[in-house]
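Enquirer: The structure under discussion is supplied below as structure tokens; questions concerning it will follow.
The values are calculated or read from the model by the stated rules, or taken from the named source; none is laboratory data. Only a predicted model underlies this, so the values are computations on that prediction, with no experimental measurement involved. Note: ideal-geometry Cβ built from the backbone for every residue, glycine included; neighbour counts use all protein chains shown.
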Amino acid sequence: MRHNILDVLAARPVLADGAMGSQLAARGLATPCLDICNIEAPDAVRAIHQAYLAAGAEVIETNTFGANRRKLARCNQADRTREINRQGALLARACAGSRAFVAGAMGPVGRLEDEAEWDRDAVAALYAEQAQALAEGGADLLILETFADLELLRIALGAVKAATPLPVAAQMVFGAAGSDLGGRDIAACFRLLREEGADIVGLNCGMGPQGARDMLRAAGPLEGPVSVFPNAGFPERRGDRLVYPSSPEYFADMLVECAQSGARLLGGCCGTGPEHIRALHRLLAAGKGAGPGATSPAAAQAVSVAQPREEEETATGFAARLGSGRPLFLVELDPPKHLDVAAVLEGADALARAGVDAITLAENPLAAPRLSNIALAQRIRARSNVEVIVHLTGRDRNLIGMQSTIMGLSCLGLDNVLAVTGDPPSTGGEERLSGVFDVRSFELIALLESFRQGRNAHGQDMRAAANFCIGAAFNPNTRNLAMQVKRLSRKAALGARYFLTQPVYSKEKVDEVIAAVKDVAQPIFLGIMPLVSLRNAEFLHNEFPGITIPEPVFARLREAGDGQAQEGLEIAWELMEYALPHFAGMYVIPPFNRYALALELLSRARAASPRSR
């Protein structure tokens, strides 16, 4: 589990990232509302986070500097305040994983024009709303930054501290004379902010690295952790661009001197990029940032930013098999619509004896109520000693119930979880029936990953890290397969380790999938659902979401007459034999829990490929 950032700062300097806005602008995203890029251009935001992590950053800030409701209203995005902030944190969290902290960025509300706008409660509500959304998305700390007005910062600080338990950094912009707008010097401002509850105090923006160094020296001895995020010098306008002159090497040298004066959290503001952070990382890694209060190298190393999970010791049996190099076979069983579990337990026993790698248990497919797949998974595992993958849908639980269920799964040791949105409920005769959908597949994957890192949806410490091996769905039966691959990549970035596809029914579709996922690193299991009759095929094609059956398959079933079930099995085997060399394994979905069909396919596959044994 990750240490609290305050513990790390007490031991050694910590390297944060640089500017976000100028990096987005450099990618052509010159929009008045850069925060909306979390929704409309997530790949660009993700790429910036990843570039800073590759440069050595241990803290990455969310793209939410201007994402308070008042500022977003200017872009007609006020109603999306929670969504924009939460998504910003989720993006950063997925990139950071367990190797870095995520800081929720929060800037000023902008110019307050009249006395009514200065209502303390109204201003506090803006910051409380933003802080809560950032915490829900997985932020480890919050940074209130670029505040020139100490009074406004104190209101924001009080609101944020009351809204979340996260550590808070309070950063100000100081003038050239080293004072705020009210004439207070840096030492007085820092003292007042600490009295108001700031865990970290500091300065950012408004000056270059040398000015920041000189200001810290003038402040005298620094108490508690101090952050420094200067600009890359003073900007020069060239055409329609602002250019900052500080070279990465100069910037790094000055920030090292800030660390030697006692600064602990070091990063960059306007004009800085990954190259500045990389240069600073090289110097800090060489031990040149030691300053007052630094611990011994051994102690500093002991308080690491991330404590990686020991996969060899904690990986689920299925997770370990994912890297075995041999084809794996997964078989799906549906929990019954009643309380008699004898037949499904018998099927699980037979599959376990045959050596299936895992049994997957769907959760209320087609939104019809069935026996709890979690309860059934526990029965099957205890009885058959086989790996079980539990499908978890966002349809049936609100965020409270979902977190409770996730904790229950971890407590039971049901660590293999397939995260899906879930089929929408019918709106037919049961008018009271509705889906919840507090979280859909993307948010559910991120939530499972957050628990895997030891935090709940609000960023609170769970006192233990869950051991989930997270899977996700991939639907190749769409016209826009490229879009589905993008969704797959996003799910992988959020924490999905493998993918199960919807069933396919032609070699042409298999070839299309192989070409589309050729650059995907995560294991993919191709869905194979044997058909048992022409009527079964017609139902799946016309009424089952995500399944398309081509005309040649219908023709073969019509010609088979009374032998339709056997013909359906042969169609499935032909596809399975053709596809097996190109996928991590097969995901067999026997209709109506006819597990004998899966046993026959598994037997044929092992006879045809010794690697499958």
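Enquirer: Condition first: outside any loop (DSSP other than H, G, I, E, B) and of a type in the set (A, V, I, L, M, F, W, C). Now tell me which residues in segment 55-87 satisfy that. Explain how you work it out, then say what you get.
Expert: Residues of segment 55-87 that are outside any loop (DSSP other than H, G, I, E, B), as a first pass: 55, 59-61, 69-73, 78-87.
Result: A55, V59, I60, L72, A73, A78, I84.
Okay, residues lined up against (1) within 21 Å of N85 (Cα to Cα); (2) modelled with pLDDT of 95 or more; (3) touching a Ser or Thr at 6+ places or on another chain (Cβ under 7 Å):
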residue	(1), (2), (3)
V123	yes, no, no
Y127	yes, yes, no
G178	no, no, no
G197	no, yes, no
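Enquirer: List the residue pairs whose Cβ atoms are under 9 Å apart, where the first residue sits in segment 17-38 and is touching a residue at least 24 places away in the same chain (Cβ under 8 Å) and assigned by TED's automatic domain parsing to the domain that holds A89, the second is part of a loop (DSSP other than H, G, I, E, B) and of a type in the set (K, R), and the two are 6 or more positions apart or on different chains.
Expert: P32/R74; C33/R74
Enquirer: Something else: For the condition among the hydrophobic types (A, V, I, L, M, F, W, C) and touching a helix residue (DSSP H, G or I) at 6+ places or on another chain (Cβ under 9 Å), what is the one hit in A482, A555? Spell out the reasoning first.
Expert: Numbers: A555 fails: touching a helix residue (DSSP H, G or I) at 6+ places or on another chain (Cβ under 9 Å).
Checking each option against the conditions leaves just A482.
Enquirer: So which of A300, A306 ends up being assigned to a helix (DSSP H, G or I), modelled with pLDDT under 50 and surrounded by fewer than 22 Cβ atoms within 10 Å (Cβ to Cβ)? Talk me through it step by step, then tell me what you get.
Expert: Working: A306 fails: assigned to a helix (DSSP H, G or I).
So the residue among A300, A306 that is assigned to a helix (DSSP H, G or I), modelled with pLDDT under 50 and surrounded by fewer than 22 Cβ atoms within 10 Å (Cβ to Cβ) is A300.
Enquirer: While we're here: Out of curiosity, is L29 modelled with pLDDT of 90 or more, more than 20 Å from the chain's Cα centre (by Cα) and within 30 Å of V123 (Cα to Cα)?
Expert: Values: modelled with pLDDT of 90 or more: no; more than 20 Å from the chain's Cα centre (by Cα): yes; within 30 Å of V123 (Cα to Cα): yes.
No: the conditions fail for L29.
Enquirer: If you don't mind, there's one more thing I want to ask. Based on what the data block shows, is R46 in a helix (DSSP H, G or I) and under 14 Å from the mean Cα position of the chain (by Cα)?
Expert: Values: in a helix (DSSP H, G or I): yes; under 14 Å from the mean Cα position of the chain (by Cα): yes.
So R46 fits the description; yes.
Enquirer: Suppose we filter L90, L126 for residues that are in a helix (DSSP H, G or I), out of contact with any Lys or Arg (no Cβ under 7 Å at 6 or more places or on another chain), of a type in the set (A, V, I, L, M) and touching a residue at least 40 places away in the same chain (Cβ under 8 Å); which single one remains? I'd like the intermediate steps shown before the answer.
Expert: On the way: L126 fails: out of contact with any Lys or Arg (no Cβ under 7 Å at 6 or more places or on another chain).
The match here is L90.
Enquirer: A further question follows. Note down all Cβ pairs under 6 Å where the first residue falls in segment 46-72 and is within 17 Å of F229 (Cα to Cα), the second is of a type in the set (S, T, N, Q), and they're at least six residues apart or on different chains.
Expert: Close Cβ pairs (under 6 Å, with a partner that is of a type in the set (S, T, N, Q)) amount to N63/N38; T64/N85.
Enquirer: Is it true that V256 is at pLDDT 85 or above, out of contact with any Asp or Glu (no Cβ under 7 Å at 6 or more places or on another chain) and assigned to a strand (DSSP E or B)? Outline the logic, then answer.
Expert: On the way: at pLDDT 85 or above: yes; out of contact with any Asp or Glu (no Cβ under 7 Å at 6 or more places or on another chain): yes; assigned to a strand (DSSP E or B): no.
Spelling it out, it is not the case that V256 is at pLDDT 85 or above, out of contact with any Asp or Glu (no Cβ under 7 Å at 6 or more places or on another chain) and assigned to a strand (DSSP E or B).
Enquirer: So which residues in segment 458-488 are under 30 Å from D140 (Cα atoms), hydrophobic (A, V, I, L, M, F, W, C) and in contact with a Leu (Cβ under 9 Å, 6 or more places away or on another chain)?
Expert: Result: A466, F468, C469, I470, A472, A473.
Enquirer: Any idea which residue in segment 524-539 is surrounded by the most Cβ atoms within 10 Å (Cβ to Cβ), counting only those that are more than 11 Å from F583 (Cα to Cα) and of a type in the set (G, A, S)? Talk me through it step by step, then tell me what you get.
Expert: From segment 524-539, those more than 11 Å from F583 (Cα to Cα) are 528-539; that's our starting set.
Keeping just the survivors that are of a type in the set (G, A, S) gives 533, 537.
Numbers: S533: 15, A537: 23.
Restricting to residues being more than 11 Å from F583 (Cα to Cα) and of a type in the set (G, A, S), the top hit is A537.
Enquirer: Moving on to the next point. What about E346, is it in contact (Cβ under 8 Å) with a residue 24 or more places away in the chain and of a type in the set (D, E)? Even if it seems obvious, please write down each step before you answer.
Expert: On the way: in contact (Cβ under 8 Å) with a residue 24 or more places away in the chain: no; of a type in the set (D, E): yes.
When the stated conditions are applied, E346 does not pass them.
Enquirer: Taking the condition touching a residue at least 24 places away in the same chain (Cβ under 8 Å), closer than 19 Å to G422 by Cβ, surrounded by fewer than 19 Cβ atoms within 10 Å (Cβ to Cβ) and not polar (S, T, N, Q), does A377 pass?
Expert: Working: touching a residue at least 24 places away in the same chain (Cβ under 8 Å): yes; closer than 19 Å to G422 by Cβ: yes; surrounded by fewer than 19 Cβ atoms within 10 Å (Cβ to Cβ): no; not polar (S, T, N, Q): yes.
Considered against the rule, which asks whether it is touching a residue at least 24 places away in the same chain (Cβ under 8 Å), closer than 19 Å to G422 by Cβ, surrounded by fewer than 19 Cβ atoms within 10 Å (Cβ to Cβ) and not polar (S, T, N, Q), A377 comes out as no.
Enquirer: Go through (1) assigned to a helix (DSSP H, G or I); (2) surrounded by fewer than 21 Cβ atoms within 10 Å (Cβ to Cβ) and name the single condition T548 misses.
Expert: It fails just one condition, (1).
Enquirer: Looking at (1) of a type in the set (A, V, I, L, M); (2) modelled with pLDDT under 95; (3) outside any loop (DSSP other than H, G, I, E, B), which one does V109 not meet, given that it meets all the others?
Expert: So V109 meets the others, but not (3).
Enquirer: Something else about it: Just to be sure I understand, how many residues within segment 11-36 are closer than 27 Å to M207 by Cβ, out of contact with any Cys (no Cβ under 9 Å at 6 or more places or on another chain) and part of a helix (DSSP H, G or I)?
Expert: Residues flagged as closer than 27 Å to M207 by Cβ, out of contact with any Cys (no Cβ under 9 Å at 6 or more places or on another chain) and part of a helix (DSSP H, G or I) within segment 11-36 amount to 4.
Enquirer: How about segment 574-596: which of its residues are part of a helix (DSSP H, G or I) and within 37 Å of the chain's Cα centre (by Cα)? Talk me through it step by step, then tell me what you get.
Expert: Step one: filter segment 574-596 for residues part of a helix (DSSP H, G or I), giving 574-582, 591-593, 595-596.
Those that are part of a helix (DSSP H, G or I) and within 37 Å of the chain's Cα centre (by Cα): L575, M576, E577, Y578, A579, L580, P581, H582, P591, F592, N593, Y595.
Enquirer: Checking the conditions here, which among G233, G239 is surrounded by 15 or more Cβ atoms within 10 Å (Cβ to Cβ) and either modelled with pLDDT under 90 or among the acidic types (D, E) (or both)?
Expert: Working: G239 fails: surrounded by 15 or more Cβ atoms within 10 Å (Cβ to Cβ).
None of the others qualify; the one that does is G233.
Enquirer: Name the residue, out of A515, A521, that is surrounded by fewer than 19 Cβ atoms within 10 Å (Cβ to Cβ), among the hydrophobic types (A, V, I, L, M, F, W, C), at pLDDT below 95 and farther than 24 Å from G394 by Cα. Spell out how you get there, then give the answer.
Expert: On the way: A515 fails: at pLDDT below 95.
Residue meeting the stated conditions: A521.
Enquirer: Quick check on I84: is it under 16 Å from the mean Cα position of the chain (by Cα), without any contact (Cβ under 8 Å) to a residue 60 or more places away in the chain and surrounded by fewer than 19 Cβ atoms within 10 Å (Cβ to Cβ)?
Expert: Working: under 16 Å from the mean Cα position of the chain (by Cα): yes; without any contact (Cβ under 8 Å) to a residue 60 or more places away in the chain: yes; surrounded by fewer than 19 Cβ atoms within 10 Å (Cβ to Cβ): no.
No, not satisfied.
Enquirer: Among residues belonging to segment 159-175 that are more than 13 Å from L142 (Cα to Cα) and surrounded by fewer than 21 Cβ atoms within 10 Å (Cβ to Cβ), point out the one that is farthest from the chain's Cα centre (by Cα).
Expert: At the first step, the residues of segment 159-175 found to be more than 13 Å from L142 (Cα to Cα) are 172-175.
Next, from what is left, pick out any that are surrounded by fewer than 21 Cβ atoms within 10 Å (Cβ to Cβ): 173, 175.
Working: V173: 32, G175: 38 Å.
In this case the residue turns out to be G175.
Enquirer: Quick check on my filter: what residues within segment 502-559 are over 34 Å from the mean Cα position of the chain (by Cα) and free of Cβ contacts under 8 Å to residues at least 24 places away in the same chain?
Expert: R535, E538, F539, N542, E551, F554, A555, R556, E559 - these are the residues of segment 502-559 that are over 34 Å from the mean Cα position of the chain (by Cα) and free of Cβ contacts under 8 Å to residues at least 24 places away in the same chain.
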